[in-house]
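**Student:** The structure is given below, and queries will be raised subsequently.
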Amino acid sequence: RERVFERLSKGGFPDFASDTVVSDVWTPDRIARDYLMPGGAIYGTHSHGWRRAFFRPPNKHPRIGGLYHVGGSSHPGGGTPTVLLSARITSELIERYEP
């Protein structure tokens with residue numbers, strides 16, 4: 001926390017620490033515990049390497065009817081643009097397959 005405030009101060013925000021009313025520290029352990037994200041990774045399991053893209057769960061579960069996946073750990077992957085694309089894909093699947 002203090003290191004972040006120090007960097008912000010050096011980066012042109014000298015009053016950031018004194019102006020801060022509430023702050024909270026999020027660590028990978030906390031993210032893993034509170035949000036059940038593997039290893040605390042905010043974008044899901046690691047995605048480097050060409051093979052990893054093929055191991056993400058599909059947006060529509062193949063065996064459990066009515067179960068859909070959306071977000072950084074499902075197709076097409078992490079990052080805001082692709083998570084939004086995942087939401088679009090999933091909403092289209094729900095419209096197509098759910099009564």
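Quick note: the coordinates plus some simple rules give every number you see, no bench work behind them. Just so you know, these numbers come straight off a predicted model, no measurement behind them. FYI the Cβ positions are ideal-geometry reconstructions off the backbone, even for glycines, and counts take in every protein chain you see.
**Student:** Using the Karplus curve 6.51 cos²θ - 1.76 cosθ + 1.60 with θ = phi - 60°, work out ³J(HN,Hα) for each residue of segment 19-30 in order, rounded to whole Hz, and write x for Gly and Pro.
**Tutor:** Result, ordered by residue: 7, 6, 8, 9, 9, 9, 9, 10, 10, x, 4, 5 Hz.
**Student:** Moving on to the next point. Taking 7 Å along the Cα-to-C-beta vector as the label spot, tell me the residue 15-residue 32 distance in nanometres, rounded to one decimal.
**Tutor:** 4.1 nm
**Student:** A further question follows. Which listed residue (57, 35, 91) has the Cα farthest towards the positive end of the charge dipole for the chain, taking +1 on Lys and Arg C-beta and -1 on Asp and Glu C-beta about the Cα centre?
**Tutor:** 57
**Student:** Which whole-Hz couplings ³J(HN,Hα) result when phi for each residue of segment 68-74 is put into the Karplus expression 6.51 cos²θ - 1.76 cosθ + 1.60, θ = phi - 60°, listed in order with x for Gly and Pro?
**Tutor:** Per-residue couplings from phi come out as 10, 10, 8, x, x, 8, 10 Hz.
**Student:** Please give the calculated 222 nm ellipticity per residue for the chain, where each DSSP H segment of at least 4 residues contributes -39500 (n - 2.57) and the sum is spread over every residue; nearest 500 deg cm²/dmol? Provide the component values of the computation, followed by the final result.
**Tutor:** Working: 4 runs with 39 residues, N = 99.
Value at 222 nm, helices only: -11500 deg cm²/dmol.
**Student:** Using unit Cβ charges (K, R positive; D, E negative) and no other charged atoms, how large, in debye to the nearest 20, is the dipole of the chain about its Cα centre? Spell out each step's value before the answer.
**Tutor:** Details: 13 positive and 10 negative charges, 114 e Å.
Result for the chain is approximately 540 debye, rounded to the nearest 20.
**Student:** Moving on to the next point. Magnitude of the Cβ-charge dipole of segment 48-99, K/R +1 and D/E -1, about the Cα centre, nearest 20 debye?
**Tutor:** Details: 7 positive and 3 negative charges, 56 e Å.
So the magnitude is around 260 debye.
**Student:** In degrees from 0 to 90, rounded to the nearest 10, what is the angle of the helix 80-97 Cα long axis to the longest principal axis of the chain?
**Tutor:** On a 0 to 90 degree scale, this one is about 30.
**Student:** Also, quick follow-up: Given H placed on each backbone N at 1.01 Å, which residues far from residue 69 in sequence or on other chains put an amide H within less than 5 Å of it?
**Tutor:** 60, 61
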